[in-house]
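Read through the structure below, which is laid out as C-alpha coordinates, and then see the notes.
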Amino acid sequence: MKDVSLKDARLARDAARLRVKGDRSTAGVDIVQERRKARDEMKAVEAKVVLPTFEECAEAYIRANWSSWSEKHRDQWPSSLKRYAYGRVTVHGFRSTFATWAEECTDYPDGVREAALAHKYKSETTAAYQRGQKLEKRRALMKDWAVFLTGANVTQFEDRRTG
(Lines give C-alpha, C1' and ligand atoms only; values in the text may rest on other atoms or scores of the structure.)
Protein backbone atom coordinates (compact mmCIF):
# COMPACT_ATOMS: atom_id res chain seq x y z
CA MET A 1 0.00 0.00 0.00
CA LYS A 2 1.46 3.37 -0.91
CA ASP A 3 1.81 6.17 1.61
CA VAL A 4 -0.63 9.05 1.33
CA SER A 5 -0.32 12.26 3.25
CA LEU A 6 -3.17 13.30 5.52
CA LYS A 7 -3.78 16.32 3.30
CA ASP A 8 -4.04 14.15 0.15
CA ALA A 9 -6.31 11.68 1.93
CA ARG A 10 -8.63 14.49 2.98
CA LEU A 11 -8.69 15.90 -0.55
CA ALA A 12 -9.52 12.45 -1.95
CA ARG A 13 -12.26 12.05 0.65
CA ASP A 14 -13.75 15.45 -0.19
CA ALA A 15 -13.65 14.69 -3.91
CA ALA A 16 -15.39 11.35 -3.33
CA ARG A 17 -18.08 13.03 -1.19
CA LEU A 18 -18.65 15.66 -3.86
CA ARG A 19 -18.89 12.96 -6.48
CA VAL A 20 -21.50 11.07 -4.47
CA LYS A 21 -23.51 14.07 -3.30
CA GLY A 22 -23.08 16.22 -6.37
CA ASP A 23 -23.34 19.98 -6.30
CA ARG A 24 -25.53 22.66 -7.82
CA SER A 25 -24.37 21.94 -11.35
CA THR A 26 -24.06 18.13 -11.29
CA ALA A 27 -26.09 15.29 -9.86
CA GLY A 28 -24.49 12.88 -7.45
CA VAL A 29 -23.33 9.43 -8.45
CA ASP A 30 -24.62 6.17 -6.97
CA ILE A 31 -21.26 4.46 -6.48
CA VAL A 32 -22.84 1.10 -5.67
CA GLN A 33 -24.76 1.19 -8.95
CA GLU A 34 -21.63 2.37 -10.76
CA ARG A 35 -19.62 -0.58 -9.39
CA ARG A 36 -22.39 -3.02 -10.34
CA LYS A 37 -22.43 -1.64 -13.85
CA ALA A 38 -18.63 -1.97 -14.14
CA ARG A 39 -18.81 -5.54 -12.80
CA ASP A 40 -21.60 -6.43 -15.23
CA GLU A 41 -19.60 -4.97 -18.12
CA MET A 42 -16.56 -6.99 -17.05
CA LYS A 43 -18.66 -10.17 -16.91
CA ALA A 44 -20.00 -9.44 -20.39
CA VAL A 45 -16.44 -9.07 -21.71
CA GLU A 46 -15.35 -12.29 -19.98
CA ALA A 47 -18.37 -14.12 -21.38
CA LYS A 48 -17.31 -13.20 -24.91
CA VAL A 49 -13.94 -14.89 -24.48
CA VAL A 50 -14.19 -18.19 -26.29
CA LEU A 51 -11.78 -20.87 -25.22
CA PRO A 52 -10.66 -23.50 -27.71
CA THR A 53 -12.15 -26.95 -27.39
CA PHE A 54 -10.07 -30.03 -26.72
CA GLU A 55 -10.48 -30.99 -30.36
CA GLU A 56 -9.23 -27.59 -31.56
CA CYS A 57 -6.20 -27.82 -29.27
CA ALA A 58 -5.48 -31.37 -30.45
CA GLU A 59 -5.75 -30.33 -34.09
CA ALA A 60 -3.34 -27.44 -33.49
CA TYR A 61 -0.92 -29.84 -31.80
CA ILE A 62 -1.14 -32.23 -34.74
CA ARG A 63 -0.47 -29.42 -37.24
CA ALA A 64 2.51 -28.21 -35.20
CA ASN A 65 4.10 -31.65 -35.01
CA TRP A 66 2.97 -33.22 -38.30
CA SER A 67 6.21 -32.71 -40.17
CA SER A 68 8.30 -34.45 -37.51
CA TRP A 69 6.13 -37.58 -37.35
CA SER A 70 6.44 -40.81 -39.26
CA GLU A 71 3.69 -41.82 -41.67
CA LYS A 72 2.42 -44.28 -39.07
CA HIS A 73 2.06 -41.55 -36.45
CA ARG A 74 0.40 -39.23 -38.95
CA ASP A 75 -2.27 -41.89 -39.43
CA GLN A 76 -2.57 -42.90 -35.78
CA TRP A 77 -2.87 -39.54 -34.06
CA PRO A 78 -5.99 -38.22 -35.80
CA SER A 79 -7.74 -41.60 -35.90
CA SER A 80 -6.98 -42.43 -32.26
CA LEU A 81 -8.16 -39.05 -31.07
CA LYS A 82 -11.31 -39.33 -33.12
CA ARG A 83 -12.03 -42.83 -31.85
CA TYR A 84 -11.07 -42.45 -28.17
CA ALA A 85 -11.02 -38.78 -27.18
CA TYR A 86 -13.22 -36.45 -29.22
CA GLY A 87 -16.66 -36.31 -27.73
CA ARG A 88 -15.51 -38.20 -24.64
CA VAL A 89 -13.19 -35.71 -23.00
CA THR A 90 -15.19 -33.60 -20.59
CA VAL A 91 -14.56 -30.23 -19.06
CA HIS A 92 -15.14 -31.81 -15.67
CA GLY A 93 -12.08 -34.01 -16.15
CA PHE A 94 -9.88 -31.01 -16.85
CA ARG A 95 -11.40 -29.12 -13.94
CA SER A 96 -10.81 -31.99 -11.52
CA THR A 97 -7.22 -32.38 -12.76
CA PHE A 98 -6.61 -28.68 -12.18
CA ALA A 99 -8.28 -28.79 -8.75
CA THR A 100 -6.14 -31.76 -7.68
CA TRP A 101 -2.93 -30.11 -8.92
CA ALA A 102 -3.77 -26.78 -7.25
CA GLU A 103 -4.59 -28.48 -3.94
CA GLU A 104 -1.62 -30.83 -3.82
CA CYS A 105 1.11 -28.91 -5.61
CA THR A 106 0.57 -25.24 -4.74
CA ASP A 107 0.11 -23.02 -1.72
CA TYR A 108 -2.68 -20.92 -3.24
CA PRO A 109 -5.55 -20.31 -0.80
CA ASP A 110 -8.74 -22.30 -1.26
CA GLY A 111 -10.66 -19.14 -2.21
CA VAL A 112 -8.31 -18.42 -5.13
CA ARG A 113 -8.52 -22.00 -6.40
CA GLU A 114 -12.30 -22.00 -6.12
CA ALA A 115 -12.56 -18.61 -7.87
CA ALA A 116 -10.40 -19.96 -10.71
CA LEU A 117 -12.89 -22.81 -11.09
CA ALA A 118 -15.77 -20.31 -10.93
CA HIS A 119 -17.14 -22.10 -7.88
CA LYS A 120 -19.40 -20.28 -5.46
CA TYR A 121 -18.91 -20.33 -1.74
CA LYS A 122 -21.09 -22.86 0.05
CA SER A 123 -21.58 -20.55 3.00
CA GLU A 124 -23.79 -17.56 2.24
CA THR A 125 -21.99 -15.62 4.97
CA THR A 126 -18.60 -16.23 3.38
CA ALA A 127 -20.01 -15.34 -0.04
CA ALA A 128 -21.37 -12.07 1.35
CA TYR A 129 -17.91 -10.98 2.45
CA GLN A 130 -15.88 -12.41 -0.43
CA ARG A 131 -16.99 -10.20 -3.30
CA GLY A 132 -13.67 -9.63 -5.03
CA GLN A 133 -12.67 -11.29 -8.26
CA LYS A 134 -9.12 -12.16 -7.08
CA LEU A 135 -7.96 -11.46 -10.63
CA GLU A 136 -4.26 -10.93 -9.92
CA LYS A 137 -4.04 -14.00 -7.69
CA ARG A 138 -5.99 -16.07 -10.24
CA ARG A 139 -3.71 -14.79 -13.01
CA ALA A 140 -0.64 -15.96 -11.05
CA LEU A 141 -2.29 -19.34 -10.43
CA MET A 142 -3.08 -19.76 -14.14
CA LYS A 143 0.50 -18.88 -15.10
CA ASP A 144 1.76 -21.55 -12.69
CA TRP A 145 -0.74 -24.03 -14.18
CA ALA A 146 0.52 -23.23 -17.68
CA VAL A 147 4.12 -23.73 -16.57
CA PHE A 148 3.14 -27.03 -14.98
CA LEU A 149 1.41 -28.22 -18.16
CA THR A 150 4.26 -27.28 -20.45
CA GLY A 151 7.22 -27.67 -18.12
CA ALA A 152 9.89 -30.22 -17.39
CA ASN A 153 7.46 -32.26 -15.30
CA VAL A 154 5.72 -33.44 -18.47
CA THR A 155 6.88 -36.92 -19.32
CA GLN A 156 7.45 -37.92 -22.91
CA PHE A 157 6.74 -41.60 -23.41
CA GLU A 158 8.83 -43.59 -25.78
CA ASP A 159 7.06 -45.86 -28.25
CA ARG A 160 8.58 -49.26 -27.56
CA ARG A 161 6.37 -51.20 -29.91
CA THR A 162 7.93 -52.73 -32.97
CA GLY A 163 6.35 -52.46 -36.30
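The values are calculated or read from the model by the stated rules, or taken from the named source; none is laboratory data. What you see is a predicted model, and the numbers here were worked out from it, not measured in a lab. Please note: Cβ atoms are built from the backbone with ideal geometry, for glycine as well, and neighbour counts cover all protein chains shown. Note: accessible area is taken over every heavy atom of the protein model, side chains too, but ligands, DNA and RNA are not part of it. Shrake-Rupley method; radii C 1.70, N 1.55, O 1.52, S 1.80 Å.
Here are the numbers for the structure shown:
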{"item": "Residue check for residue 53: surrounded by 10 or more Cβ atoms within 10 Å (Cβ to Cβ), among the β-branched types (Val, Ile, Thr) and under 21 Å from the mean Cα position of the chain (by Cα)", "result": "yes"}
{"item": "Matching residues in segment 1-12 - criterion: being assigned to a loop (DSSP other than H, G, I, E, B) and of a type in the set (Gly, Ala, Ser)", "result": "5"}
{"item": "Unmet requirement for residue 61, which otherwise passes all of (1) loosely packed, with under 12 Cβ neighbours inside 10 Å; (2) modelled with pLDDT of 90 or more; (3) closer than 18 Å to residue 150 by Cα; (4) of a type outside the set (Gly, Ala, Ser)", "result": "(1)"}
{"item": "Residues that are open to solvent by 100 Å² or more (accessible area, probe 1.4 Å) and not hydrophobic (A, V, I, L, M, F, W, C), drawn from segment 1-24", "result": "2, 3, 7, 10, 13, 17, 19, 21, 24"}
{"item": "Options 118, 152; residue that is modelled with pLDDT under 80, over 20 Å from residue 42 (Cβ atoms) and hydrophobic (A, V, I, L, M, F, W, C)", "result": "152"}
{"item": "Helices (runs of 4 or more DSSP H) within segment 53-119 that include 2 or more residues of a type in the set (Lys, Arg)", "result": "71-84"}
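A quick yes/no check of all residues on (1) over 30 Å from residue 94 (Cβ atoms); (2) assigned to a helix (DSSP H, G or I); (3) over 36 Å from the mean Cα position of the chain (by Cα); (4) charged (D, E, K, R):
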{"residue": "14", "(1), (2), (3), (4)": "yes, yes, yes, yes"}
{"residue": "17", "(1), (2), (3), (4)": "yes, yes, no, yes"}
{"residue": "33", "(1), (2), (3), (4)": "yes, yes, no, no"}
{"residue": "36", "(1), (2), (3), (4)": "yes, yes, no, yes"}
{"residue": "39", "(1), (2), (3), (4)": "no, yes, no, yes"}
{"residue": "44", "(1), (2), (3), (4)": "no, yes, no, no"}
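Residues are listed down the side, and each one gets a yes or a no for (1) farther than 23 Å from residue 135 by Cβ; (2) modelled with pLDDT of 85 or more; (3) of a type in the set (Asp, Glu):
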| site | (1), (2), (3) |
| --- | --- |
| 10 | yes, yes, no |
| 13 | yes, yes, no |
| 18 | yes, yes, no |
| 26 | yes, no, no |
| 55 | yes, yes, yes |
